[in-house]
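The values are calculated or read from the model by the stated rules, or taken from the named source; none is laboratory data. From a predicted model like this one, the values you see are computed outputs, not experimental measurements. Here Cβ is always computed from backbone atoms with ideal geometry, including for glycine, and neighbour counts include all displayed protein chains. Quick note on the areas: whole protein, heavy atoms, side chains included, nothing else; ligands and nucleic acids left out. Shrake-Rupley method; radii C 1.70, N 1.55, O 1.52, S 1.80 Å.
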Number of protein chains: 4
Amino acid sequence: MENNQLKHQLYIVIFGTHTRAGRIFDIALIIAILLSLTVLILHSIEGLATEWDDVFQKLEYLFTALFTVEYLLRLYCSPKPRAYASSFYGVVDLLSILPTYLALLFPSASFMGVIRLLRVMRIFRILKLVRYLQDSNILLRSLLMSRRKIFVFFSTVAILVTIFGALIYVIEGPENGFTSIPQSIYWAIVTITTVGYGDLVPSTPLGKAIASLTMLLGYSILAVPTGIITAELSQEINTHRNLVKCPNCSKTGHESDALHCKHCGSELAAPDERVVIETKAD
Amino acid sequence: MENNQLKHQLYIVIFGTHTRAGRIFDIALIIAILLSLTVLILHSIEGLATEWDDVFQKLEYLFTALFTVEYLLRLYCSPKPRAYASSFYGVVDLLSILPTYLALLFPSASFMGVIRLLRVMRIFRILKLVRYLQDSNILLRSLLMSRRKIFVFFSTVAILVTIFGALIYVIEGPENGFTSIPQSIYWAIVTITTVGYGDLVPSTPLGKAIASLTMLLGYSILAVPTGIITAELSQEINTHRNLVKCPNCSKTGHESDALHCKHCGSELAAPDERVVIETKAD
Amino acid sequence: MENNQLKHQLYIVIFGTHTRAGRIFDIALIIAILLSLTVLILHSIEGLATEWDDVFQKLEYLFTALFTVEYLLRLYCSPKPRAYASSFYGVVDLLSILPTYLALLFPSASFMGVIRLLRVMRIFRILKLVRYLQDSNILLRSLLMSRRKIFVFFSTVAILVTIFGALIYVIEGPENGFTSIPQSIYWAIVTITTVGYGDLVPSTPLGKAIASLTMLLGYSILAVPTGIITAELSQEINTHRNLVKCPNCSKTGHESDALHCKHCGSELAAPDERVVIETKAD
Amino acid sequence: MENNQLKHQLYIVIFGTHTRAGRIFDIALIIAILLSLTVLILHSIEGLATEWDDVFQKLEYLFTALFTVEYLLRLYCSPKPRAYASSFYGVVDLLSILPTYLALLFPSASFMGVIRLLRVMRIFRILKLVRYLQDSNILLRSLLMSRRKIFVFFSTVAILVTIFGALIYVIEGPENGFTSIPQSIYWAIVTITTVGYGDLVPSTPLGKAIASLTMLLGYSILAVPTGIITAELSQEINTHRNLVKCPNCSKTGHESDALHCKHCGSELAAPDERVVIETKAD
């Protein structure tokens, strides 16, 4: 019984975000993740690595130990440990500690250490912190609502890139660096996205004309995803506004930072609580 | 009579997308197209081409044979074979098999093989699959509605690019790589679209000032096509919403993923059927 | 009297766009402008210039003669010749013929020939053709409505670019190519507009960090002009819709391609005439 | 008493913008700031610096003297001198004169002279001039309203950049220039923002595939901040419109350049005064 209560207490602290202890835990965790990422990143710099190798290694062991304890606690207090372990975040949590242990067992597998950078994805979980939840939900819903339009858009881009890649391959040819069609498609992507590295550049007048066309096309179709997202986002924000009802006059349409009903002046639910409601409804 | 029925059956499977057989056919076709594109693209890589030339050649013959059968079946079962053969997709279908036969007859014409990459355009037809039809229609209509604004925009870009190209040609001159006005216009396009290859770069202070102006201009007029598309798209989505009527209360304004009328709660037509209706109305 | 009538007839053909003759004149003019631009541009290519110099020179004389006749006719038939001569288009018309005459008088002044490229601006006048007038008006009005926001935006960009330019100048210094503050500001503009030529690139870790910040900033403030234009454009399109009244029920809100009133079904004025009305009101 | 009145008079001229004297002071100040910035910038060009060093130095002393007088006057006439001195603009004002004095005392500290470029930030204060206040307020409010969405967006970009940086580091490795993870993250930022310097470029086929993915991702997520800003800006403009009430019929919804009420035709408050009202409410 007491055990169960401890479990539940732990669960609220580790998985929840509404209690004070839960928030402190989350903030401590995000700091630990960012510090461990900094250590991993600095460790990859050659000059630093040779000099401070020992310190970096020890810090890495420390963080791995910490995250291992956290992982085991999560497994322990979760009501459904298997569901957690096989969830997206469960896998990420495991992948961010496993490589260190594997490197101890098989020293040759140290290249796998980069997998630990997946720790960065754990930050996504923290972004689920109350305050930002509402806004990432709006962004996500806009993307989901327009996923079909985005798919149509990317198919069109893929087709255009293949055609322009093939064209430039025929026009410029291997003697100007366009050695194969994949290489030429890579050039077309670099050009249509307006990145323009400049490692592959058309040299013939006709090639330059095709390149100009590709750029202008890229320039204008860049407008399409923006238009899609903006149109959905505008409606998402409007819809969201209409979800917040005044408890007194029941009218909606309040701005997201409004504290009082703009129709009758009575106090609205605090933004945080509104979020909670929406989360439940989700 | 029986022949006619077979024709009609085939027509529904090959051209239609509403039956189960029709969908399976479309999916099989898209896989064949993607595979044949992969073979064509890999064939252009020198290292692979010399080693696997034989395999690639045979696979290409196989795909050409498949697409030939498909083309003949389409001709056979189409109620108006001539209309099909002279339609956009009819020509694309022919162009994606012809080069292989021509290469057999005239081995020197192998450079025409790239035309086979036009097969990629056949994917557009598949995008017409039920689910994505509605969304590509909205995108297309937005583009059509704003075609005049886009024409005005591109004319303005063409004029700006000519003026800035001429300016940089006079300022930098052939000694800094700006050897002719077309070359300078190419530079202006590379700059105004924010691609920035870096193959042509101003070296004089005045040239750099002009280049900065071009960039800032490009940066801000990039906003114009986006604004055009977004404004049209927002209204297109709104108009579309208003097309879906509740069968019970006849009110409109339902979101595209709504299943129940938001005014009276009665069930709406399934999104797929709504699409069909719109297609007929189109 | 007869002279006056001839003048008026000419005026309608040359300056007007509503009669058939006026349209033919405009189309002939746009073709002549584009051809003369092509000749000018081709003349700047060294290889072609030496070989065909004579032909290009003669064609240029021909076009100059044509445009001179047109300019004199415009002066002759315009009701207020002085107002025309000192107007923007009057000056552009003069500047596109003057350099050829000056080059005849002072052969050393041939570098001024590039001024003739200003002919490209004459195309703007043609864009005023009936069909596109409405749409360029909407675009122009959106830009005018948001001119103050755009000014605020560009001032902010100018300030940011100066600060980041100074920062990179201090961090990277002349030994990495950042030889002066103007040079560094040029780099900041190249970076913040996401052009990225790559002729000036940070080499120190701190410089790369500053560059990353500049890029991310540029990436996100790119959103601001787009947002400004889109917001204004949406409202401009809405306002415009509301200008078209149904002659029967007087209701507004018709789409720009609507032929019948969506409220009562009676025929609307043809889009062309609507434009004429708006032009008068302008 | 008289002293107090002088103080107040000075305060209105120096800090205010509504009197004629106040406007003249602001315009004189902006000219002085721009001139002193020009001197600082030109001074950094080596060729000019050696030749005109003396002139530049004297001009700099002159501007520093001017700004010192201005700073002391601001301190003198401000009702709360301490509040001013510790405010953002107070610190900027001090930082733009201090380095010149420090350079006189410690000649070796001349590198600090770049701090004087912070003068550019003083222009922000001038942008607060009546006419532009309204528009910068709208822009600022849009940014503030969407600050949480922008934070979520930047966190996502940071996570993506880390993951793609790590990927390219593993794939390309130090032999292709990707010497460390920070270096690779820098590459990912250069790529995802579509800057594309071209100083670091993938050479392996797999690296090019990852780079293509990064570009396409960057290309499409560029749409997100634009969507956020546009959606907020549209609503901000709408809200703003509704703030302007007709004094006669009390209806709102007037465009920002409207002079007469569109409902009853009576004159509206002049745009300048509307701004003043909003400023007070702010």
Exercise for the section: Scan the stretch C:28-84 for residues that are of a type in the set (Val, Ile, Thr) and either over 15 Å from B:Ile181 (Cβ atoms) or more than 14 Å from every other protein chain (Cβ to nearest Cβ) (or both) and jot them down. Expected result: C:Ile30, C:Ile31, C:Ile33, C:Thr50, C:Val55, C:Thr64, C:Thr68, C:Val69
Practice task
Hey, could you check the stretch D:65-85 for residues that are in a helix (DSSP H, G or I) and loosely packed, with under 12 Cβ neighbours inside 10 Å and say which is nearest to the chain's Cα centre (by Cα)?
Solution key: D:Ala83
Exercise for the section: Return yes when B:Gly90 is modelled with pLDDT of 85 or more and at positive phi and no when it is not. Expected result: no
Exercise for the section: Output the number of residues of the stretch C:154-163 satisfying the condition of being surrounded by 20 or more Cβ atoms within 10 Å (Cβ to Cβ) and either part of a loop (DSSP other than H, G, I, E, B) or at the interface with another protein chain (Cβ under 8 Å from one of its Cβ atoms) (or both). Expected result: 2
Practice task
Report, ordered by the first and then the second residue, all pairs with beta carbons closer than 8 Å, sequence separation of six or more or different chains, a first member in the stretch D:73-100 that is under 17 Å from D:Gly16 (Cβ atoms), and a second member that is β-branched (Val, Ile, Thr).
Solution key: D:Leu73/D:Ile14; D:Arg74/D:Ile14; D:Cys77/D:Ile14
Practice task
Give the residues of the stretch D:170-180 that are at the interface with another protein chain (Cβ under 9 Å from one of its Cβ atoms) and either among the small types (Gly, Ala, Ser) or crowded, with 24+ Cβ neighbours inside 10 Å (or both), sorted by residue number.
Solution key: D:Ser180
Handout entry: Residue satisfying condition, being out of contact with any helix residue (DSSP H, G or I) (no Cβ under 8 Å at 6 or more places or on another chain), modelled with pLDDT under 90 and aliphatic (A, V, I, L, M), within set A:Leu127, A:Leu160, A:Leu144
Key = A:Leu144
Exercise for the section: Answer yes or no as to whether A:Ala166 is within 7 Å of another protein chain (Cβ to nearest Cβ), buried (at least 17 other Cβ atoms within 10 Å of the Cβ) and at pLDDT 85 or above. Expected result: yes
Practice task
Count, please, the residues in the stretch D:167-181 that happen to be more than 39 Å from the chain's Cα centre (by Cα) and in contact (Cβ under 8 Å) with a residue 24 or more places away in the chain.
Solution key: 1
Completion exercise
Of the residues in the stretch D:36-47 that are out of contact with any Lys or Arg (no Cβ under 7 Å at 6 or more places or on another chain) and within 17 Å of C:Ile185 (Cα to Cα), the one that is most open to solvent (accessible area, probe 1.4 Å) is D:Glu46
Problem - Unmet criterion (only one of (1) surrounded by 15 or more Cβ atoms within 10 Å (Cβ to Cβ); (2) assigned to a helix (DSSP H, G or I)) for D:Thr17 - result: (2)
Practice task
Take the stretch B:190-212 and flag every residue that is within 9 Å of another protein chain (Cβ to nearest Cβ), surrounded by fewer than 24 Cβ atoms within 10 Å (Cβ to Cβ) and not in a loop (DSSP other than H, G, I, E, B).
Solution key: B:Pro205, B:Lys208, B:Ala209, B:Ser212
Exercise for the section: Name the residue, out of A:Ile30, A:Ile12, that is among the aliphatic types (A, V, I, L, M), within 27 Å of D:Thr162 (Cα to Cα) and either open to solvent by 50 Å² or more (accessible area, probe 1.4 Å) or touching a residue at least 40 places away in the same chain (Cβ under 8 Å) (or both). Expected result: A:Ile30
Practice task
Kindly indicate whether any position in the stretch A:48-64 is assigned to a helix (DSSP H, G or I), open to solvent by 70 Å² or more (accessible area, probe 1.4 Å) and closer than 19 Å to A:Met121 by Cα.
Solution key: no
